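Peer 1: The structure's right below; bear with me while I get my questions together.
The values are calculated or read from the model by the stated rules, or taken from the named source; none is laboratory data. Only a predicted model underlies this, so the values are computations on that prediction, with no experimental measurement involved. Heads up, the Cβs are rebuilt from the backbone with ideal geometry, glycines too, and the neighbour counts pull from every protein chain shown.
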Amino acid sequence: MQDHPTPSLALAQPPPAATPPGEKLPLAAVALGLLALLVAAADADHNRARLSLYAALALVSGGALGWAWLAFGRPAAGWHPHDLWRRASTSRGAVAWATGVALTGFYVVLYWFPGLLENLIRALDPFSAWLRHRAADQWLLYGTFYTLAVLVLGGRALWKYRSTRYHLARTASVMFFQLGFSFLLPGLLLALQQPEYYFSYFWPLKYDYLFPDAVGKLLHGGGLGVFMVFWGVVLSFLATPVLTYFFGKRWYCAWVCGCGGLAETAGDAYRHLSDKSRTAWRWEMRLLYPILGLILLLTALLWVGASGAVPALGVVTGPLGQLYGFAIGSIFSGVVGVGFYPLLGSRVWCRFGCPMAAYLGLLQKHFSRFRISTNGGQCISCGNCSNACEMGIDVKQYAQRGAPIVRAACVGCGLCATACPRGVLNLENGPREGRLAASTFIHADSLRIL
C-alpha cells in the first residue's frame with residue numbers, strides 16, 4: 001500500500017523553497033553573465049573585453065527574461081505576493097544587503113573612480129561610434145546598463161501584470177521613453193553635432209536646462225537649440241500643470257520619467273519595503289520641499305547674476321550649484337536612490353529627493369482632478385494595498401475609512417488597486433467637486449434580507 005502524505009490543515013503554511021528547481025538554470029546564466037562582466041572589466045585587451053561584455057549582457061538579459069517567464073509568465077495571471085517577505089533577496093536579508101552593496105559600489109566607481117571602468121568603456125567604442133560618432137565614455141556605459149535594466153525587467157513586469165491593461169500600457173510607455181527619448185535620441189543628437197539633450201527630462205528635475213549658461217548655449221546653437229529651450233519652458237511651466245490637472249503626477253512619474261521607469265521595472269520586487277510610518281512621512285516633508293526651494297532659489301539667483309544687476313552673486317551661485325550637483329544630483333539620486341533599492345524600497349529618490357516629484361505633488365494635491373476613491377464598506381483590511389505601495393502610503397488606513405487618497409506622494413502606479421481582492425480602490429480623473437469626500441458606508445439598517 002502506498003503512503004500518501006497528509007495535507008497540512010494549518011493556516012500558516014511552511015515557507016517555500018528559496019529557489020524552485022526550474023528557475024535555477026536561468027539564474028545560473030545571470031550569475032555567469034555577472035562573472036563575464038567582471039572578466040571584461042579586468043581585461044585590458046579591448047577585443048576580448050568586448051566579447052566578454054557582449055556575452056555578459058546576453059547571459060544576464062537572457063537569464064533574467066527566462067527566470068521572469070518561469071516565475072511570472074507561466075502561472076495564472078493576477079496579483080501574487082510571491083512570498084516577498086520570506087525571501088532573503090526581498091526582505092533585507094543577506095542577498096539584499098549584498099545586492100545593495102554591489103549597486104552602491106557601482107555608483108561610487110561610476111561617479112568618482114571611472115578609470116576602473118576603462119576597459120568596459122573602451123569595449124563600447126564601436127557601438128558609440130555607430131550611434132554617436134564619437135568615443136564611448138562612462139555615461140554611455142551607464143546609459144546602456146540602465147536602459148537594458150528597464151527593458152529586460154520591463155519584460156518581467158509585462159508578464160507579471162499582464163492581467164491589467166493599465167499596467168501593460170504603463171510599462172510599455174516607460175520602456176519606450178527610456179529607449180527612445182533617454183538613450184537613442186540623445187546619442188543621435190551628438191552624432192548630428194547637436195547638444196546632448198534629454199527631451200523626457202526638464203526643469204526642475206533637469207535643473208540646469210533653464211540655467212542662463214545652458215540657455216545661452218542652446219540659443220546660439222541654431223534652430224534646434226531654440227526649439228530645445230522652447231520645449232523645456234513649455235513642458236516645465238505649461239504642459240506640466242495642464243497634464244497634472246487632468247491626470248495627476250502619474251502622467252510623468254509612472255509613464256515617462258526614467259527614474260520612475262527604473263523603479264517600476266528593476267525596483268518592482270522591492271516596492272513593499274517602503275517605510276509607511278509617520279516618521280518617514282515627516283522626513284519626506286523635511287527633505288523634498290526644501291530641495292525644490294533650493295532649485296528655485298538657485299535658478300533665480302543665477303538669472304539675477306546673469307543680468308548683471310548683482311555681480312557679486314557669482315561668489316554664491318557657483319559653490320551652491322556644485323553643492324547641489326554633488327549632494328543631490330550624484331549621492332542622493334544615484335548612490336542612495338538606486339543603490340538602496342533592496343533595503344529602503346524602489347522610490348527613495350522619488351520620495352525624499354526629487355524636485356520634480358515635489359513640484360508635481362503640490363499640483364496634484366491642490367489643483368488636480370486625480371484621486372483614488374475607496375469603498376470602505378468592502379474593505380477587509382488585508383493590507384495588500386499598503387504592501388504594494390512603493391511611495392510609503394498606508395493605503396489600508398484610507399480604505400478602512402472610505403476616504404479618498406489625495407496625497408502629493410502618490411504616483412498613480414495603480415498597484416494598490418490591482419492588489420485589492422475586493423475592488424475597493426479605483427483611480428479616477430473625475431471632477432474636483434467632491435474630490436475630498438469620503439464614500440458612503442452601507443449600514444446594516446439599509447439592507448433588506450429577502
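Peer 1: Given the criterion at pLDDT 95 or above, part of a helix (DSSP H, G or I) and of a type in the set (S, T, Y), identify the matching residue among Y107, Y142, Y111.
Peer 2: None of the others qualify; the one that does is Y142.
Peer 1: Only one of these conditions is not met by T19: (1) modelled with pLDDT of 95 or more; (2) within 29 Å of the chain's Cα centre (by Cα). Which number is it?
Peer 2: Status for T19: all satisfied but (1).
Peer 1: Hey, another quick one. Do we have any residue at all in region 157-168 that's within 14 Å of the chain's Cα centre (by Cα) and in a helix (DSSP H, G or I)?
Peer 2: For region 157-168, residues within 14 Å of the chain's Cα centre (by Cα) and in a helix (DSSP H, G or I): present.
Peer 1: Residue check: is R132 over 16 Å from the mean Cα position of the chain (by Cα), among the charged types (D, E, K, R) and at pLDDT below 95?
Peer 2: no
Peer 1: Oh, and also: Have a look at R87, R122, R92, R132 and point out the one that is surrounded by 14 or more Cβ atoms within 10 Å (Cβ to Cβ), within 16 Å of L37 (Cα to Cα) and among the charged types (D, E, K, R).
Peer 2: R122
Residues are listed down the side, and each one gets a yes or a no for (1) of a type in the set (S, T, Y); (2) surrounded by 15 or more Cβ atoms within 10 Å (Cβ to Cβ):
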residue: E23; (1), (2): no, yes
residue: P26; (1), (2): no, yes
residue: V30; (1), (2): no, yes
residue: G33; (1), (2): no, yes
residue: L38; (1), (2): no, no
residue: A42; (1), (2): no, no
residue: A49; (1), (2): no, yes
residue: S52; (1), (2): yes, yes
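Peer 1: Yes or no: region 312-323 includes at least one residue that is at pLDDT below 90 and in contact with a Cys (Cβ under 9 Å, 6 or more places away or on another chain).
Peer 2: The answer is no; no qualifying residue exists.
Peer 1: For region 339-356, how many residues meet the condition of being of a type in the set (A, V, I, L, M, F, W, C) and under 22 Å from W85 (Cβ atoms)?
Peer 2: 4
Peer 1: Of all helices (runs of 4 or more DSSP H) completely enclosed by region 249-328, which ones contain at least 3 residues that are surrounded by 20 or more Cβ atoms within 10 Å (Cβ to Cβ)?
Peer 2: 250-253, 258-265, 278-307
Peer 1: For region 359-387, which residues satisfy the criterion of being surrounded by fewer than 21 Cβ atoms within 10 Å (Cβ to Cβ) and of a type in the set (A, V, I, L, M)?
Peer 2: Matches in region 359-387: L362, L363, I380.
Peer 1: While we're looking at this one, here's another question. Do the conditions hold for S333, that is, is it in contact with a Phe, Trp or Tyr (Cβ under 9 Å, 6 or more places away or on another chain), surrounded by 18 or more Cβ atoms within 10 Å (Cβ to Cβ) and not in a helix (DSSP H, G or I)?
Peer 2: Taking the combined requirement at face value, the residue does not satisfy it.
Peer 1: A further question follows. Select, from A403, A419, A399, the only residue that is among the small types (G, A, S), surrounded by 23 or more Cβ atoms within 10 Å (Cβ to Cβ) and modelled with pLDDT under 95.
Peer 2: A399
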